[in-house]
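Taking it in order: structure first as structure tokens, then the write-up.
The values are calculated or read from the model by the stated rules, or taken from the named source; none is laboratory data. All of these numbers come straight from a predicted model, not from anything done at the bench. Cβ atoms come from the backbone with ideal geometry, glycine included; neighbour counts cover every protein chain shown.
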Amino acid sequence: MLLRVRARTPRAARRHRTRQRERILEFLRASGEHPTAAQTHQALLRELPNLSLGTVYRNLEVLVSEGVVEEVPAAGGTRYDGNPKPHHHFICERCGAIDDLHLVAPRSLAQKLRRARGRRASRIKIDFFGLCEACESHAGAGATTPMD
């Protein structure tokens, strides 16, 4: 007698696209902001009145694990980035605002890593931290940062 053993597919690979997940991803991709899960939930409630905050969190977790959304830690909690193009961030340490920076990372940085640690970087992701223009103007004109 021949027994057939069915191979189990990892749960992540079996996930199917849901309308809610698609709308969350569309919202993040269309947003120029980097919203929190709560902001994403609030923005989609009119269209999806039965959408719970827990569902938003679970779907964001799936999208992050699939690599189509990035978690960005910031003041006030985790934000989510749906921009699929390579880019860096400037994160305000006071208000949590996040700006996308489309800058080319210096090639010398990868070369220094290779010489110092013997590792090759396949990509470089840089997060800059400081005060945004609005927070800096509230802080006063005489304030300087450690990098000045």
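Some observations on this one:
- Residue count, segment 34-52 (criterion: within 23 Å of residue 89 (Cβ to Cβ) and either in contact (Cβ under 8 Å) with a residue 12 or more places away in the chain or among the aromatic types (Phe, Trp, Tyr) (or both)): 8
- Flag for residue 101 being modelled with pLDDT of 90 or more, touching a His at 6+ places or on another chain (Cβ under 8 Å) and closer than 28 Å to residue 24 by Cβ: yes
- Residues of segment 57-75 satisfying the condition of being surrounded by 18 or more Cβ atoms within 10 Å (Cβ to Cβ) and either among the polar types (S, T, N, Q) or assigned by TED's automatic domain parsing to the domain that holds residue 101 (or both): 59
- Any hit, segment 42-52, residues being charged (D, E, K, R), touching a strand residue (DSSP E or B) at 6+ places or on another chain (Cβ under 6 Å) and closer than 20 Å to residue 30 by Cβ: no
- Once segment 103-134 is narrowed to residues that are small (Gly, Ala, Ser) and exposed (fewer than 11 other Cβ atoms within 10 Å of the Cβ), the residue that is farthest from residue 75 (Cα to Cα) is 118.
- Per-region count, segment 32-46, residues over 10 Å from residue 79 (Cα atoms) and out of contact with any Phe, Trp or Tyr (no Cβ under 9 Å at 6 or more places or on another chain): 4
- Hits in segment 13-56 (condition: surrounded by 14 or more Cβ atoms within 10 Å (Cβ to Cβ) and of a type in the set (Ser, Thr, Tyr)): 31, 36, 40, 55
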